[in-house]
Amino acid sequence: METGYLDMDLLRFTTAGSVDDGKSTLIGRLLYDCKSIFEDQLEAVEASSKKRGDAIVNLALLTDGLRAEREQGITIDVAYRYFATPKRKFIISDTPGHIQYTRNMVTGASTASLAIILVDARKGVIEQTCRHSFIASLLQIQHVILAVNKMDLVDYKEEVFDQIVRDYENFSSRLDIPHVDFIPISALNGDNVVEPSANMPWYKGGTLLYTLENVFIGNEFNHVDARFPVQWVIRPQSKEHHDFRGFAGRVAGGVFKKGDEVTIQPSGFRSKIKAIHAFEGELDEAFAPMSVTMTLEDEIDISRGDMIVKQNNPPTVSQDLDAMICWFSESSQLQLGRKYTIRHTTREAKCIIKETKYKVNVNTLHKVEDNLEVGLNDIARISMRTSSPLLHDPYKRNRQTGSFIIVDDATNATVAAGMIV
Amino acid sequence: MHKNYRLTHLKSLEAEAIFIMREVAAQFEKPVMLFSGGKDSIVMVRLAQKAFHPARLPFPLMHIDTEHNFPETIEFRDRLVQEVGAELIVRSVQDSIDKGRVNEEKGPNASRNALQIVTLLDALEEFQFSAAIGGARRDEEKARAKERFFSHRNEFGQWDPKNQRPELWNLFNGKMHIGENFRIFPLSNWTEMDVWQYIKLENLSLPSIYFSHEREVVARQGIYLAHSPYLTLSEDEVVERQIVRCRTVGDMTCTGVVASPAENVDDIIAEVAAARVTERGGRADDKRSETAMEDRKKDGYF
């Protein structure tokens, strides 16, 4: 009996490319070669390709799920795909490349630990490559794979690849991306996707799949600063658990152990962890991203939105903060001075954006200071004030306690996503 | 750091699903969990137990019963509900038909699958449920791949795929206007394989129809359907006996069974690993058109 899967880990990655870079073909190829595409799906795609009059089976149709997308041949939203090898399970957040969809890439990147950015070998590093890389850097994705696609169309020439690598290195030195891998591929023919390419003997690195399977992902969570946002209070009110009062939540950083001295924010009360509970029994320790329930030695009033932290390492507790935001709403622009709802960890408050300091031109990375209107797909640096203190860390330090969303109270729509500076 | 703090893929998925369930309890006034007796809903019940342990589930379970179910599933459902100590609500499609809310489909491919939409929407309104937790997964079907964990439905219960709320990090926005509601999918990121591996890991018991057994079946459009009083045979169709099992458990009229010798969860995991057809490949309801699932979801289906 094969039990290797009990020790597999999980890698979430996002893919970005501009229109016609062959992104859907690449994903189709990965799924197909990893046997994650089934005969009935392939038959359905063959039938659709035929109906549309495509000359070859269009693997892009595997990922374009909605009627409008199939009819117009575009991808309108973030789609999630799954495949696994004996080593890892992968979750792909597949985001479309059109200019108007910056918000989708931000969304897809928010849960990813790695980004595959595609470039067309014939076009090299273009404006959209810059945009995708900037977003990856802004969202603190630790690892980028620059997949130079369509190598078959440049006769698999090493010089073409090397030039693109140089151009990208030049540009990306201005960004904050710790690891970049460069892989020459042909998604259409399968070169260096799953199997090494016989057409590019000069390339000595791993295939795309090999890289995905082996990339180090241990730094995806902060295991230093202990943060436990309380999500729900468990009170069984039954005979056998009469006095049980457990604080349920998902560890957002650091490691908690039974007996640890903790502080409850924002009240500042102190106590000790009595036990860490799971359904299976008590645990010795809990770390991100585990969902557990804690009980404390002392009876303290704690509710959703409070945070349990270690005594010597508190988060910032404040009502005034600076952040980078991406605006998501098509129908309304950011209004300074207006009240919005903010969601940060398990806490909800009202907020007012006081000032837009600058916007970022995502294609050139230049600061824009003359036009400060913030609308759909704009990325801006703002300062805000909240109705109650947020218990936060810089986004660079912790993605969970450094991120928030802004909700418009009139429409209930999520109008922006933010990263605390 | 001297220690490798990492979770296996199953534990990561579990932690995420538990987080979603607690978020539902915290954000919604009156949630309900839909329960069919199928493997995904059995996994969901276990995850809910884990989320709220040692307390009971803070929401009832609800079964939208087509009354064309495999009897084994219903027996199993009642036993599990009792074990867990949960409250079970049952609303039946037959009642909706009797009240004239829907018309029974006619012809050999008639199924009550689509009729469930009306019964479900009526039940949500009857109890004023603001959120219904379901076991749908994104890997099941291409329209589902674009679904959110927190899926907003308008006052008609409809899904608008072009106007979905973006979901970032683990921040979920469950705000809504009166009359609207949410469908919540904690298993969004699970695949069929993950579900089976989790069943193995947790040693969960399942209705017997998931395992190999001998049954009367009818071959139709390349799939075997279980023979039952609810299935209308056309003239050239014959009933045969085969060793089969169910890959999914839905309405008997549209759930295909597959020839399989798999007797236990290990056998099934091996079978799923080697499978070349998706689990919904045997679902006649999805085969009605290329966008059958998308169209049903827009009407209020799961």
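Worth a mention:
- Some residue of region A:165-173 being within 14 Å of chain B (Cβ to nearest Cβ) and at pLDDT 95 or above: no
- Enumerated strands (runs of 3 or more DSSP E) restricted to region B:151-261, each holding at least 1 residues that are under 25 Å from A:Ser331 (Cα atoms), open to solvent by 10 Å² or more (accessible area, probe 1.4 Å) and modelled with pLDDT under 85: none
- Unique match (being open to solvent by less than 20 Å² (accessible area, probe 1.4 Å) and of a type outside the set (Ser, Thr, Tyr)) among A:Pro236, A:Pro289: A:Pro289
- Residue ID - farthest from the other protein chains (Cβ to nearest Cβ), chosen from residues in region B:60-76 that are of a type outside the set (Val, Ile, Thr) and part of a helix (DSSP H, G or I): B:Pro71
- Within region B:135-158, the set of residues being away from chain A (no Cβ under 11 Å) and touching a Ser or Thr at 6+ places or on another chain (Cβ under 8 Å) comprises B:Gly135, B:Ala136.
- Tally, over region B:65-85, of residues that are of a type in the set (A, V, I, L, M, F, W, C) and open to solvent by 20 Å² or more (accessible area, probe 1.4 Å): 3
- Counting only strands (runs of 3 or more DSSP E) that sit completely within region A:230-304, those holding 3 or more residues that are of a type in the set (Gly, Ala, Ser) correspond to A:246-250, A:270-278.
- Restricting attention to region A:121-143, the residues being more than 30 Å from A:Gln400 (Cβ to Cβ) and either buried (at least 20 other Cβ atoms within 10 Å of the Cβ) or of a type in the set (Lys, Arg) (or both) number 4.
- The condition of being within 23 Å of B:Arg138 (Cβ to Cβ), in a loop (DSSP other than H, G, I, E, B) and either within 11 Å of another protein chain (Cβ to nearest Cβ) or aliphatic (A, V, I, L, M) (or both) holds for only one of B:Leu7, B:Leu47, B:Leu57, B:Leu13, that being B:Leu7.
- Test: residue in region A:390-404 that is facing chain B (nearest Cβ under 10 Å) and assigned to a strand (DSSP E or B): yes
- Residue satisfying condition, being on the phi < 0 side of the Ramachandran plot and modelled with pLDDT of 95 or more, within set A:Thr295, A:Thr345: A:Thr295
- Of the criteria (1) closer than 23 Å to B:Ala136 by Cβ; (2) in a loop (DSSP other than H, G, I, E, B), which one B:Glu271 fails: (2)
The values are calculated or read from the model by the stated rules, or taken from the named source; none is laboratory data. Keep in mind the model is a prediction, meaning the values are calculated, not measured. A quick note on method: Cβ atoms are made from the backbone with ideal geometry, for glycine too, and the neighbour counts reach across all protein chains shown. Just so you know, the surface numbers come from the protein's heavy atoms only, side chains and all, with ligands and any DNA or RNA stripped out. Shrake-Rupley method; radii C 1.70, N 1.55, O 1.52, S 1.80 Å.
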